Ligand code: ADP
């Protein structure tokens with residue numbers, strides 16, 4: 001199973017990614033988590049990414065693409081993977097297409113969680129209190145939402161045209177959203 005999970009900042013992608021990936025026995029690969037781990041360890045990748053992340057900007061494609069390529073090349077991702085937070089730009093879509101094509105496989109589905117922007121700002125501000133993420137301040141959250149609308153939302157149409165888009169209501173209880181995602185994935189034919 002090769003899946004991507006999309007949705008605006010705070011849509012609950014990370015939480016859902018873990019459940020879905022466990023179900024299919026594939027790794028959940030979160031670009032945001034990988035960047036944060038590198039920032040906290042102070043690796044060269046982390047040093048490169050930190051300024052962009054703190055400002056709510058996207059890390060440049062060259063940096064992100066290389067990181068994802070390396071991660072997908074690891075052994076545990078051979079049977080499949082769930083990408084959380086990648087691709088976010090049209091250039092990343094092309095890059096991912098190349099990576100998957102190279103292995104002779106295809107992308108099975110692109111799941112998009114739809115949520116209410118205003119409610120999300122409140123959710124993220126609450127998360128700022130509990131987790132202390134540097135990019136969960138109101139200004140930076142709004143910038144992340146704006147970038148999502150400008151650069152990532154257009155990807156929805158790309159995957160819709162390919163016939164692999166699954167739009168799922170991301171509002172409400174975590175378990176309900178998980179169930180909706182599983183229901184939606186059932187309609188994807190086995191590959
Ligand atoms: P969010 O919920 O805001 O989308 P993430 O944890 O997915 O949070 O990502 C945090 C930050 O990591 C982003 O704001 C961005 O700076 C960087 N990032 C993550 N994925 C990508 C990507 N595919 N391309 C560019 N930057 C990314």
Would you kindly compute the Cα radius of gyration of region 46-92 and its largest Cα-Cα separation (Dmax), both in Å? 11.9, 35
With Rg and the Kirkwood Rh both taken from Cα atoms, where does Rg over Rh land for region 1-158? 0.94
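Please work out the ratio of the alpha-carbon Rg of region 92-191 to 2.2 N^0.38 Å and round it to two decimals.
1.28
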Assuming R0 = 35 Å, can you tell me the calculated FRET efficiency for the pair residue 146 and residue 173, based on Cβ-Cβ distance, to the nearest 0.05? 0.80
Centre separation in Å (Cα based) which lies between region 14-32 and region 72-97: 12
Relative compactness, region 40-119, computed as alpha-carbon Rg over 2.2 N^0.38 Å: 1.24
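Can you compute the equivalent ellipsoid semi-axes for region 6-78, i.e. the square root of 5 times each eigenvalue of the Cα gyration tensor, sorted largest first and rounded to whole Å?
Equivalent ellipsoid semi-axes, largest first: 22, 16, 10 Å.
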Go ahead and estimate [θ] at 222 nm for the chain from helices alone: -39,500 (n - 2.57) per DSSP H run with n ≥ 4, summed, over the residue count, rounded to 500. -17000 deg cm²/dmol
On average over all directions, what projected area in square nanometres does region 140-191 have, based on the convex hull of its Cα atoms? 4.9
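Where a number appears in this text, it was derived from the coordinates with a stated rule and is not lab data. This one's a predicted model, so the numbers in the text were calculated from it and none came from an experiment. Here the Cβ is made from the backbone with ideal geometry for all residues, glycine too, and neighbour counts use every protein chain on show.
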